[in-house]
Amino acid sequence: MPSTAPGRPRDPRIDNDVLTATREMLRSHGWDGLSLRAVAARAGVGRAALTRRWPTKAHLVLDALLGSAPDLAPYDGIDRKGWIEWVVTGSIELFSRPEVRAALPGLLAALRDHDDLRNTLWRTFSGPSTALFADGDGSDVEIDAKAVLVMAAGSALFAGLIAAEDDTPALRARILELLSTVA
């Protein structure tokens with residue numbers, strides 16, 4: 001998640017080139033084969049340009065995979081059931097992407113070891129999306145929204161990585177049906 005600082009404006013082309021190179025390298029080399037030096041070389045920028053924007057490999061990878069803020073456009077004008085469907089579908093799509101699957105082992109370890117990164121990730125992505133679900137209806141609804149978000153993402157991760165032989169459209173539809181009872 002790039003930081004901003006006073007001074008000369010940063011060239012957005014560098015961000016785009018670095019994030020693209022990161023996703024490509026994750027697909028071809030995995031987490032262990034990815035280094036800031038290798039990404040910088042592939043993107044045609046200096047390593048300092050990376051470290052000014054992303055303090056660690058985990059920060060860079062998270063930004064490459066998720067962006068710096070959630071895209072809430074798909075939630076425009078949908079009800080709670082539509083929100084749940086979008087969260088379940090979006091989670092399945094996210095954890096199905098080859099670059100995400102390649103990054104997961106190392107990224108999970110990095111998140112385990114860095115409370116600040118993990119907490120920032122959760123607040124950045126859960127806050128805005130659960131607020132749409134809760135829609136000012138009180139704390140029970142907010143905790144329901146967070147629970148659905150955790151269950152949707154967790155089920156998508158588990159089905160894609162552990163229960164892969166059972167990760168079928170029928171299983172996904174049933175997960176969605178079960179989670180939709182909250183709406």
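Kindly indicate whether THR51 is of a type outside the set (A, V, I, L, M), touching a helix residue (DSSP H, G or I) at 6+ places or on another chain (Cβ under 8 Å) and open to solvent by 40 Å² or more (accessible area, probe 1.4 Å).
Values: of a type outside the set (A, V, I, L, M): yes; touching a helix residue (DSSP H, G or I) at 6+ places or on another chain (Cβ under 8 Å): yes; open to solvent by 40 Å² or more (accessible area, probe 1.4 Å): yes.
Answer is yes for this residue.
Results for (1) surrounded by fewer than 17 Cβ atoms within 10 Å (Cβ to Cβ); (2) more than 26 Å from ALA73 (Cα to Cα); (3) touching a residue at least 40 places away in the same chain (Cβ under 8 Å), shown as yes or no for each residue.
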site	(1), (2), (3)
ARG97	yes, no, no
ALA109	yes, yes, no
ARG112	yes, yes, no
ARG118	yes, no, no
PRO128	yes, no, yes
ALA152	no, no, yes
SER155	no, no, yes
PHE158	yes, yes, no
ALA173	yes, no, no
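Give ARG42, ARG23, ARG52, ARG27 a once-over and let me know the one that is part of a helix (DSSP H, G or I) and either without any contact (Cβ under 8 Å) to a residue 24 or more places away in the chain or on the phi > 0 side of the Ramachandran plot (or both).
Working: ARG23 fails: either without any contact (Cβ under 8 Å) to a residue 24 or more places away in the chain or on the phi > 0 side of the Ramachandran plot (or both); ARG52 fails: either without any contact (Cβ under 8 Å) to a residue 24 or more places away in the chain or on the phi > 0 side of the Ramachandran plot (or both); ARG27 fails: either without any contact (Cβ under 8 Å) to a residue 24 or more places away in the chain or on the phi > 0 side of the Ramachandran plot (or both).
Exactly one residue qualifies, and that residue is ARG42.
I'd like to verify a number: residues in segment 75-86 that are part of a helix (DSSP H, G or I) and either open to solvent by less than 20 Å² (accessible area, probe 1.4 Å) or farther than 13 Å from ALA173 by Cα (or both), how many? Outline the logic, then answer.
Going through segment 75-86, the residues part of a helix (DSSP H, G or I) turn out to be 75, 80-86.
Right, trim to either open to solvent by less than 20 Å² (accessible area, probe 1.4 Å) or farther than 13 Å from ALA173 by Cα (or both) and you get 75, 80-84.
Residues meeting the conditions: 6.
Could you name every one of the helices (runs of 4 or more DSSP H) located completely within segment 87-183 that has at least 2 residues being closer than 21 Å to LEU26 by Cβ? Before the answer, list the steps.
Values: elements: 98-113, 115-134, 139-161, 169-179.
Filter on segment 87-183 gives 98-113, 115-134, 139-161.
What's the number of the only condition in (1) hydroxyl-bearing (Ser, Thr, Tyr); (2) open to solvent by less than 20 Å² (accessible area, probe 1.4 Å); (3) not in a helix (DSSP H, G or I) that SER68 fails to meet?
(2)
The values are calculated or read from the model by the stated rules, or taken from the named source; none is laboratory data. Note that the structure is predicted; figures quoted are calculated from it, not measured. Cβ atoms come from the backbone with ideal geometry, glycine included; neighbour counts cover every protein chain shown. Ligands, DNA and RNA are stripped out before the accessible areas are found, and what is left, the full protein with its side chains, is counted by its heavy atoms. Shrake-Rupley method; radii C 1.70, N 1.55, O 1.52, S 1.80 Å.
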